[in-house]
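Data block below; observations after.
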Amino acid sequence: MISIAHPDFREELFFEAKKMGLFSAERTLSESIHGVYPLQLEETIEIGGQKVTIRPAKPVDERRIQEHFYNLDKDDVIARFFHEKTTFVHDEIEGVSLIDYVKDLTMVALVGEFGFGRVVGIGEYLLDPASNMAEVAFSISKEFQNKGLGKILMKKLAAAARENGIAGLLAFTAPYNQGMIRLFKTLPYKTETHFEGDMLTLKCRFDKPASG
């Protein structure tokens with residue numbers, strides 16, 4: 001409501017909302033204005049004969065996201081979380097589904113009826129304010145792997161991050177995760193790689209395009 005209100009009334013609405021406890025103490029007016037659901041990121045495509053809706057996550061997606069993680073293969077869980085997991089509790093899933101669309105953004109890919117869709121892919125970024133770089137992470141259901149879904153999610157995350165003034169993207173992955181490495185290199189920016197212990201770091205800045 002603040003974001004669509006007349007500019008003369010935004011500050012008053014913001015501080016009233018803060019007094020009511022609707023925003024955290026550190027939330028700024030700028031964040032409240034710009035953290036609007038990014039409708040332009042929504043898209044419906046066809047993959048393997050199925051319609052797939054790609055859109056920013058909403059709080060109502062919490063249960064769907066949880067089910068998606070439970071249905072991942074063991075190797076895909078390790079690739080996403082860097083260790084074996086058999087439970088995905090509310091607090092963890094809430095961090096994925098409750099986002100502000102600016103500092104943190106989660107994109108979901110859904111198949112099935114409107115309102116009853118099943119999540120088959122997730123791409124998310126989380127900003128590190130100190131470096132102004134956003135870390136990305138992905139998980140794709142087995143049936144939709146190697147079909148271009150990850151590339152679409154990555155492209156949308158990069159476009160949103162750039163639009164929100166973020167300097168670039170980074171990812172931490174295992175050296176053998178060729179899917180993630182290839183996915184990162186689909187972006188039109190120079191990719192830097194280096195090791196931190198046994199993890200591979202991938203990084204790109206939006207002001208450094210890939211060489212022709």
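The values are calculated or read from the model by the stated rules, or taken from the named source; none is laboratory data. Just so we're clear, the structure is a prediction, and the values are computed from it rather than from any experiment. Here the Cβ is made from the backbone with ideal geometry for all residues, glycine too, and neighbour counts use every protein chain on show.
Quick look at the numbers
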item: Among (1) at pLDDT 90 or above; (2) in contact with a Leu (Cβ under 6 Å, 6 or more places away or on another chain) - the single one residue 175 does not satisfy; result: (1)
item: The range 117-131, residues that are buried (at least 17 other Cβ atoms within 10 Å of the Cβ) and in a strand (DSSP E or B); result: 119, 120, 121, 122, 123, 124, 125, 127
item: Qualifying positions in the range 152-166 - of a type in the set (Gly, Ala, Ser) and surrounded by fewer than 16 Cβ atoms within 10 Å (Cβ to Cβ); result: 159, 165
item: Residue selected from the range 34-65 under the condition under 13 Å from the mean Cα position of the chain (by Cα) and hydrophobic (A, V, I, L, M, F, W, C), by the criterion nearest to residue 109 (Cα to Cα); result: 54
item: The range 165-180: number of residues that are assigned to a loop (DSSP other than H, G, I, E, B), of a type outside the set (Val, Ile, Thr), closer than 28 Å to residue 37 by Cβ and in contact with a strand residue (DSSP E or B) (Cβ under 8 Å, 6 or more places away or on another chain); result: 1
item: Residue count for the range 105-156, restricted to those that are acidic (Asp, Glu) and farther than 21 Å from residue 72 by Cβ; result: 2
item: Every residue from the range 69-116 that is at pLDDT below 80, part of a loop (DSSP other than H, G, I, E, B) and surrounded by 15 or more Cβ atoms within 10 Å (Cβ to Cβ); result: 85, 88, 99
item: Any hit, the range 174-184, residues being more than 28 Å from residue 47 (Cβ to Cβ) and either of a type in the set (Gly, Ala, Ser) or out of contact with any His (no Cβ under 9 Å at 6 or more places or on another chain) (or both); result: yes
item: Evaluation of residue 183 against (1) assigned to a strand (DSSP E or B); (2) surrounded by 15 or more Cβ atoms within 10 Å (Cβ to Cβ); (3) in contact (Cβ under 8 Å) with a residue 24 or more places away in the chain (one fails), failing number; result: (1)
item: Condition met for residue 128 (free of Cβ contacts under 8 Å to residues at least 12 places away in the same chain and under 26 Å from residue 182 (Cβ atoms)); result: yes
